[in-house]
Amino acid sequence: MATSPVKDFLVTYVMPEKCYERIFVSFYINVPCLKFVMNRAVGLWILLDTFLAQLLQLLKILWRRSADGLSLTSVLLQLYVFSCPVVYAIANNFPFFAWGERLFALAQTAAIVFLILHYRGETLKGMLFLLAYGYLMFLLGSYAAAAAVSVMQTSSLAALIASKVLQAGTNYCNGHTGQLSTLSVLLSWAASLGVIFVSLQETGSSFATLSHTVSACLSGVLLAQVLCYRSSTATSRKKNE
């Protein structure tokens, strides 16, 4: 008996077949199935954020040929955030498929740092930075002590929060968001809400949940700034052109 494409998709990517039968055939909202679906959806959204958020920002910079409005310190902190799990994974010999998406986001963020320096007229400094950063990552992944790697991993959330604070402060001081990508900020905000959900389900740690909540609120602030400063950002762009 042939199955529908919708069922094939849902059973393959979203839920077990028994959950599909309960929800869409018997029309019974089963709590464990609903929880499973929500966890799967949140996981997919977080993965989407990891792959696309930095890429969208990178493409916008290249399209506009400007990194106006982006805080270099904020992006450097983001680079640190993406570096921590990569160093941790390499140091602990985790299989590549378990952390490869982080390496992808890390490479994009490093490219954004280079472009910020490049469009500031500091291309040589940007190239030297990439070389130094690549060498540092090699050293950390190969020779860093387990305690140092663990501290890096633990501090990554604080660095992420600081990054968002710095970018929000830059936006406020400038009165516009420059080349900050709306889609990138939207993806990050939605993913941060998903991380709160995962934290509540898995860790149960009030401190971790509070930290993720602060991060989500700051992502919301950045999104609000992008929307509120839209006219000012457009005016600033025209002046630069």
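When only Cα pairs under 8 Å and 6 or more residues apart are kept, what is the percent relative contact order across the chain?
That works out to 26 percent.
Could I have the simple spin-label model distance between residue 158 and residue 38, label points 7 Å from Cα toward Cβ, reported in nm to one decimal?
Using points 7 Å along Cα→Cβ, the separation is 3.1 nm.
For residue 63 and residue 47, compute 0.36 nm times the residue count separating them, minus their Cα-Cα distance, and round to one decimal in nm.
3.3 nm
Would you compute, from DSSP H runs of 4+ residues alone, the mean residue ellipticity of the chain at 222 nm, taking -39500 (n - 2.57) per run and dividing by the full residue count, rounded to the nearest 500?
Dividing the helical sum by the residues of the chain leaves -27500 deg cm²/dmol.
How much of the accessible area of the chain, probe 1.4 Å, is carbon plus sulfur, in whole percent?
Here it works out to 69 percent.
Can you give the Rg/Rh ratio of the range 127-190, where Rg is from the C-alpha atoms and Rh is the Kirkwood radius?
1.10
Counting only trypsin sites (Lys or Arg not before Pro) that are in a DSSP loop and have at most 14 other C-beta atoms within 10 Å, tell me the longest site-free stretch of the chain.
Counting only loop sites that pass the neighbour cut-off, the longest clear stretch is 121-241.
Assuming R0 = 25 Å, what is the FRET efficiency of residue 143 and residue 96, from their Cβ-Cβ distance, to the nearest 0.05?
Numbers: r = 20 Å, r/R0 = 0.80.
It comes to 0.80.
Just checking the chain: which Cys have no other cysteine's beta-carbon under 4.7 Å?
So far as the 4.7 Å Cβ criterion goes, 84, 173, 217, 228 stand without a partner in the chain.
Send over a whole-number figure in Å² for the accessible area per residue of the chain, probe 1.4 Å.
Accessible surface, normalised per residue, equals 57 Å².
Sorted from largest to smallest, which semi-axis lengths in Å does the alpha carbon gyration tensor of the range 63-188 give for its equivalent ellipsoid, taking the root of 5 times each eigenvalue?
Three semi-axes, in Å: 27, 17, 13.
Among rounded, prolate and oblate, which fits the range 34-77 when a ≥ b ≥ c are the square roots of the eigenvalues of its C-alpha gyration tensor, a/c under 1.5 means rounded, and a/b larger than b/c means prolate? Working shown, then result.
On the way: a/c = 4.93, a/b = 2.54, b/c = 1.94.
Prolate shape, in that a/c is at least 1.5 and a/b is the bigger ratio.
Which residue fluctuates most in the GNM of the chain (Cα springs below 10 Å): 186, 76, 62?
Checking each option, the largest mean-square fluctuation is seen for 62.
Apply the a/c threshold of 1.5 to the C-alpha gyration tensor of the range 73-126 and tell me whether it is rounded, prolate or oblate.
Details: a/c = 3.15, a/b = 2.70, b/c = 1.17.
Cα axes put the range 73-126 in the prolate bin.
On the Cα set of the chain, report Rg and Dmax in Å, please.
20.5, 65
The values are calculated or read from the model by the stated rules, or taken from the named source; none is laboratory data. The shown structure was predicted, so the numbers you read here are calculated from the model rather than taken from an experiment. Glycine gets a Cβ as well: all are built from the backbone with ideal geometry, and neighbour counts include every protein chain shown. For the accessible areas, the whole protein counts, side chains as well, though only heavy atoms, and no ligand, DNA or RNA atoms are used. Shrake-Rupley method; radii C 1.70, N 1.55, O 1.52, S 1.80 Å.
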